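Okay, so here's the structure we're looking at.
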Amino acid sequence: AEKVATFGQPRLKMGIISDIHIRTREDLPVFQHTLEYFRDKGVDGVIIAGDMADWGFRSQLELVAETWYDVFPGDRGSNGRHVEKLFVYGNHDREGYTYGNARGVKVTKEMIEEEAIWPRKEKVWQELFHEKWTPIYMKDVKGYKFIGGHWDSWKDISGLAEFLQNVEGDLPKGGRPFFYFQHFHPKNTCSGPWVWGQGGGNVTKALSKYPNCVCFSGHSHTSLTDERTIWQGAFTSVGTASLSYISLWSGRENST
């Protein structure tokens, strides 16, 4: 931290969160205040590493989009600069209505047919966030590359290795980093192998070719205060905790 203070003004400022788990309008204040904090810090973009709509319903994702555009109208900060959306779907965005019957709410077949995001994920994304949805995408933020991989399955982000190979000519060489984000932790990286819901290993293998890659992921809700949340191996992997609630590893003091 002392060394960072000598670097001068940052070239890039990013807001990074995950697992906001919006269900109703009552869940919005923490998310809204977080975006306002990012706006007031002058961020260039915001990553949300999945699990936005807790039950996987469009009406919940509409609240996410509404709050985003309230704080960043037209994707712009208070000074008029563009602020990039860097969002990905997580497992709750896909199938949250199947978990414990949506946490005590009786989910009917009619609700699923009307509200479920996943059968119309491309259309919902375009209508709410005003951009095309693709399973993996890359954006440029002030000369830095950001690659997002939407939830695919409990084990993998299909086609990631091929995607990276196809864009390799656009990725920086040497010490300049590029950034990748998805929902679940790449297997045996940050907080691994102890946390639940890690990937099957294909993402770790794909990213291991790029030592200048910094990966952000969520899903486990592991606390940022645990030093194992940051892993530095073949690449760098960082857990983003959760804006909704924190889970501590089972079998330990103060665990859930």
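The values are calculated or read from the model by the stated rules, or taken from the named source; none is laboratory data. Since the model is a prediction, treat every value here as computed from it, not as a measurement. Here the Cβ positions follow ideal geometry from the backbone for every residue, glycine too, while neighbour counts run over all protein chains shown. To get the accessible areas, we keep the full protein, side chains included, count just its heavy atoms, and leave off ligands, DNA and RNA. Shrake-Rupley method; radii C 1.70, N 1.55, O 1.52, S 1.80 Å.
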**OP:** With both partners inside the chain, how many of the DSSP beta bridges are antiparallel, as a percent to the nearest 5?
**Re:** 35 percent
**OP:** May I ask you to list the trypsin sites (Lys or Arg not before Pro) in region 194-245 that are in a DSSP loop and have at most 16 other Cβ atoms within 10 Å of their Cβ?
**Re:** Lys209
Original post:
So what is the accessible area of the chain per residue, in Å², with the probe set to 1.4 Å?
Top reply: 49 Å²
**OP:** Assuming a ≥ b ≥ c are the square roots of the Cα gyration tensor eigenvalues, decide whether region 1-140 counts as rounded (a/c under 1.5), prolate (otherwise, with a/b larger than b/c) or oblate.
**Re:** prolate
Original post:
Equivalent-ellipsoid semi-axes (√(5λ), Cα gyration tensor) for region 201-256, whole Å, largest first?
Top reply: 25, 11, 10
Original post:
If you place +1 on the Cβ of every Lys and Arg, -1 on the Cβ of every Asp and Glu, and leave all else neutral, what size is the dipole of the chain about its Cα centre, to the nearest 20 Debye?
Top reply: 720 debye
Original post:
Taking the Cβ-Cβ separation of Thr24 and Ser255 as r and a Förster radius of 30 Å, what is the calculated FRET efficiency to the nearest 0.05?
Top reply: 0.60
**OP:** Just list whichever of Lys85/Lys121; Lys85/Lys123; Lys123/Lys145; Lys121/Lys209; Lys85/Lys145; Lys139/Lys173 have alpha carbons separated by over 23 Å in the model shown.
**Re:** Lys123/Lys145; Lys121/Lys209
**OP:** At most 11 other Cβ atoms within 10 Å and a DSSP loop assignment: could you name the trypsin sites (Lys or Arg not before Pro) in region 1-62 that fit?
**Re:** Lys3, Arg11, Lys41
Subject >> Two-decimal log10 I(q)/I(0) for the chain, as the Debye equation yields it once each C-alpha is a single scatterer, q = 0.17 Å⁻¹ >> reply: -1.47
**OP:** Calculate what fraction, in whole %, of the accessible area of the chain sits on carbon and sulfur atoms when a 1.4 Å probe is rolled over the protein chains.
**Re:** 51 percent
Original post:
Over what distance in Å are the Cα centres of region 2-26 and region 143-206 separated?
Top reply: 19 Å
